[in-house]
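Below is one structure, written out as structure tokens, with a few remarks after it.
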Amino acid sequence: MATDSWALAVDEQEAAAESISTLQLNEKEDKQKPEENGTGKAGGDADKTDDNDDNEDRAAQSLLNKLIRSNLVNTTNQVEVLQRDPNSPLYSVKSFEELRLKPQLLQGVYAMGFNRPSKIQETALPMMLAEPPQNLIAQSQSGTGKTAAFVLAMLSHVDPANKWPQCLCVSPTYELALQTGKVIEQMGKFYPEVKLMYAIRGNKLERGMKLQEQIVIGTPGTVLDWCQKLRFIDPKKIKVFVLDEADVMIATQGHQDQSIRIQRMLPKTCQMLLFSATFEESVWNFAKRIVPDPNIIKLKREEETLDTIKQYYVNCNSREEKFQALCNIYGAITIAQAMIFCHTRKTAAWLAGELSKEGHQVALLSGEMVVEQRAAVIDRFRQGKEKVLVTTNVCARGIDVEQVSVVINFDLPVDKDGNPDNETYLHRIGRTGRFGKRGLAINMVDSKASMNILNRIQEHFNKKIEKLDTDDLDEIEKIAN
Ligand SMILES: Nc1ncnc2c1ncn2[C@@H]1O[C@H](COP(=O)(O)OP(=O)(O)OP(=O)(O)O)[C@@H](O)[C@H]1O
């Protein structure tokens, strides 16, 4: 997940513009709207249309990644552990059996197809299941098994004989809460005595009632209401409090305060667990307020490099010339699958249309689609049903489509001030050690300004980007070898 300031700026812009409603997120949460912040539009290459509003927000990004992910993201990086009590032994497990889980839960874990704990689970699970309970702040990239870990911890800690809420989990949005709820249901499949309740707006309960479900998952506003105003939950009886997606949480106004207010109502003995995909200072400051005396686990993201990538640029004068160059490349070499990035929705839609007319099977990923539609587009592309995926810079941020060996920057990535967005460039084109197969990146340059951007990207990475003459078929053929 990108943490650049531009991403945050566009998030705010998106929230302010209320175009978030098209993503159908937060609809059921009484989200406080931030003030209009007048964030400017991101400047493009030659392509300065005003439709660059398909800004992504963190919640949508996170949901999208969850919906399209079919596997664990494995990393070879070691976890970094900071223990509250450095003298206590640090346990790590290599199998689920070692955790001495209830048989119903072990059955649930195996039924989900998990053979062994993921890297972060190896250390986080023994810590979360220890007696007495230990508090934990854990950070690792999306897809590394955090959700599965805290779901297992919650299910292990409840006493099904007690008919009241014992575990409370807060998520930033209704949809993310539902996704986690599904994992609880799956993992607890063989443990039917444990019941789950969703504390989300729209779930109206009779006044005066007391919840009997042992696990409650919801959004901060509703959870707070249910604990404080409506008293459906007795917060003093909560044994485990989970705050998921802390980085997404703090990007939504109001959620941080609500979460802290919930936390203050819980008993001192309650186990506090906080998870985040990123760990910038704001997340860290928030985490420290939610989790007293924490153990801390961090798992670094695998570094991407440009070492195995052949990079080229093509000089053009207009978007039509860029399109022609693209056609020449397609005419000369066989491209199994390519991702093409544009700066605006309008360009992306235009390009997708032109490529279709040329007979290409094109998928278009656009900001106006709801998250589920976007997930479906990416999924089809991953399955190879389409050979070209055209998208905007913002829309595809943080999405990994590993098998793509050709990336075309129809417009170069720039931040909101028009400076090169090196992080996005690297993430889009770079490969981690594991996916170290050779790749090809082609950058379209169409103005002095974009040539300048390209030069700065070259300088930043200290890697030469070769010029490619797309009118010379022989030359293009060479790049494929
Ligand atoms: N031990 C495991 N073995 C195999 N698959 C696993 C294991 N743990 C989790 N998974 C699977 O890997 C995927 C990612 O796991 P999970 O959702 O828990 O990651 P996450 O770190 O919480 O991601 P996010 O930050 O997006 O919520 C899921 O499909 C999950 O079912």
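What follows is calculated from the coordinates using simple rules that are stated; it is not laboratory data. In this text, all values refer to a predicted model and were calculated from it rather than measured experimentally. Note that we place each Cβ from the backbone using ideal geometry, even for glycine, and neighbour counts take in every protein chain shown.
I need the helices (runs of 4 or more DSSP H) fully contained in the range 307-401, keeping only those with at least 2 residues that are among the hydroxyl-bearing types (Ser, Thr, Tyr). Outline the logic, then answer.
On the way: elements: 319-332, 345-357, 371-382.
Answer list for the range 307-401: 345-357.
Residue-wise test of (1) touching a residue at least 24 places away in the same chain (Cβ under 8 Å); (2) surrounded by 19 or more Cβ atoms within 10 Å (Cβ to Cβ); (3) within 19 Å of the chain's Cα centre (by Cα).
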residue	(1), (2), (3)
LEU266	yes, yes, no
THR269	yes, no, no
MET272	yes, yes, no
GLU280	yes, no, yes
ALA287	yes, yes, yes
PRO292	yes, no, no
THR308	yes, no, no
GLN311	yes, yes, no
ASN317	yes, no, no
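Within the range 85-105, the only residue that satisfies the criterion of being aromatic (Phe, Trp, Tyr) and within 13 Å of the ligand (Cβ to nearest atom) is PHE96. Scanning the range 128-144 for residues that are crowded, with 24+ Cβ neighbours inside 10 Å and farther than 18 Å from GLU245 by Cβ turns up nothing. For the range 224-242: of the residues being part of a loop (DSSP other than H, G, I, E, B) and in contact (Cβ under 8 Å) with a residue 40 or more places away in the chain, which is surrounded by the most Cβ atoms within 10 Å (Cβ to Cβ)? Top of the filtered list is ILE233. Considering only residues in the range 143-184 that are more than 10 Å from the ligand (Cβ to nearest atom) and in contact with a Lys or Arg (Cβ under 6 Å, 6 or more places away or on another chain), the one that is farthest from GLY202 (Cα to Cα) turns out to be HIS157.
Exactly one residue among GLU303, GLU358 is more than 16 Å from the ligand (Cβ to nearest atom), touching a Cys at 6+ places or on another chain (Cβ under 7 Å) and over 14 Å from ASN409 (Cα atoms), and that residue is GLU358. Residues of the range 172-209 that are part of a strand (DSSP E or B) and either hydroxyl-bearing (Ser, Thr, Tyr) or more than 23 Å from LEU230 (Cα to Cα) (or both): TYR198 alone. Just one of the numbered conditions (1) assigned to a helix (DSSP H, G or I); (2) over 29 Å from GLU372 (Cβ atoms) is not true of GLY221: (2).
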